[in-house]
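Take a look at the structure below.
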Amino acid sequence: MALKYAMAASGAILVLYLIVHMYGNLMIFGGQTTFDTYAHHLREIGEPMLPHEGFLWIVRVVLLAAVLVHAYAAFVLWNRAKKARPAGQRYQVKKSAQTPSRRYATQTMRWGGVIIILFVIYHILHLTTNDIAPGGASDSAYQRVVNGFQIWWVTLSYLVAMLAVGLHLRHGVFSALSTLGANRASRQRALRNASTAIAALITVGFLLPPFSVLFGLVS
C-alpha cells in the first residue's frame with residue numbers, strides 16, 4: 001500500500017508542475033517581450049537568498065525525485081501483479097483475466113510513460129539547453145519556440161507526446177484519487193469526469209502554443 005501512496009503523491013507533484021508549466025507556456029500569447037521576460041525571471045526567483053537559477057535547480061531535483069519514485073513504484077507494482085497471476089497466465093493473459101478497459105488502461109500507462117520520458121529528454125535538449133534546434137538556435141526562449149513549432153513534424157511529435165500525457169493523466173488521476181480513498185461507488189462517475197477534465201485541460205493548454213505557431217497565430 002505504501003508504494004501506491006508513493007505513486008499517488010509523486011504523481012500529484014508532477015500534475016501540479018504541469019499546471020504551472022502550462023500557465024507559463026501560455027504567456028507566449030503576450031508576445032516576445034512578455035515570454036522572454038517570464039523565462040528570464042524564472043532564473044532569478046529567490047535571489048539573492050538563492051544563487052542564480054537556484055530555485056530552478058531545486059524544482060528540477062524535486063521533479064527528478066518524483067519521476068524516479070513514480071517510475072519505481074509503477075514498475076514494482078506491475079511486477080508484483082505479474083507474479084501474482086496464476087502460473088498458466090503469467091506468459092499469456094487470458095482475455096477474461098482483464099476487462100477491455102483495464103487492458104487499455106494498462107497499455108496506455110506503460111507505453112505512454114515510455115513516450116513521455118523520451119519526449120521530456122528531447123524537450124529539455126530543444127527548449128532548455130538549446131542543444132537541439134530545429135528551425136534554428138536562438139538565445140530568445142520565444143524565438144526557440146517559434147522556430148521549432150513552425151516545422152510541422154516538430155508540432156506533430158509534440159501532439160503525440162501530449163496525447164500520451166493526457167491519456168496517462170486521465171488514468172493516473174483517477175487511480176491516485178482511488179488510492180487516497182475518494183473512490184466510492186457513488187463517486188466513480190464524478191471522479192472519472194474530474195480526471196478527464198484535468199487531463200483535457202492540461203493537454204489542450206499545452207497544445208495551444210505549438211498549433212498557434214504552426215498556423216501563424218503566433219509569429
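The values are calculated or read from the model by the stated rules, or taken from the named source; none is laboratory data. Please read all numbers here as calculations on a predicted model, not as lab measurements. Ideal geometry is used to build each Cβ from the backbone, glycine not excepted, and the neighbour counts take in all protein chains shown.
A compact table of results
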item	result
Search result, residues across region 139-175 that are hydrophobic (A, V, I, L, M, F, W, C) and farther than 20 Å from Ile115 by Cβ	Ala141, Val145, Val146
Residue list for region 7-55, filter: part of a helix (DSSP H, G or I), over 25 Å from Leu201 (Cβ atoms) and in contact with a Phe, Trp or Tyr (Cβ under 6 Å, 6 or more places away or on another chain)	Gln32, Asp36
Failed item, numbered, when Phe206 is tested on (1) aromatic (Phe, Trp, Tyr); (2) in contact (Cβ under 8 Å) with a residue 60 or more places away in the chain; (3) more than 23 Å from Ser10 (Cα to Cα)	(3)
Residue within region 68-91 that is modelled with pLDDT under 55 and hydroxyl-bearing (Ser, Thr, Tyr) present	yes
Yes/no for Ala66 being within 30 Å of Leu214 (Cβ to Cβ), surrounded by 15 or more Cβ atoms within 10 Å (Cβ to Cβ) and of a type in the set (Gly, Ala, Ser)	no
Odd one out for Lys95, checked against (1) within 21 Å of the chain's Cα centre (by Cα); (2) modelled with pLDDT under 75	(1)
Lone unmet requirement of (1) under 26 Å from Gly172 (Cβ atoms); (2) free of Cβ contacts under 8 Å to residues at least 24 places away in the same chain for Met22	(2)
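Yes/no matrix, rows are residues, columns are (1) surrounded by 15 or more Cβ atoms within 10 Å (Cβ to Cβ); (2) among the acidic types (Asp, Glu); (3) out of contact with any helix residue (DSSP H, G or I) (no Cβ under 8 Å at 6 or more places or on another chain):
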residue: Tyr17; (1), (2), (3): no, no, no
residue: Asn25; (1), (2), (3): yes, no, no
residue: Ile28; (1), (2), (3): yes, no, no
residue: Thr34; (1), (2), (3): no, no, no
residue: Pro51; (1), (2), (3): no, no, yes
residue: Ile58; (1), (2), (3): no, no, yes
residue: Val61; (1), (2), (3): no, no, yes
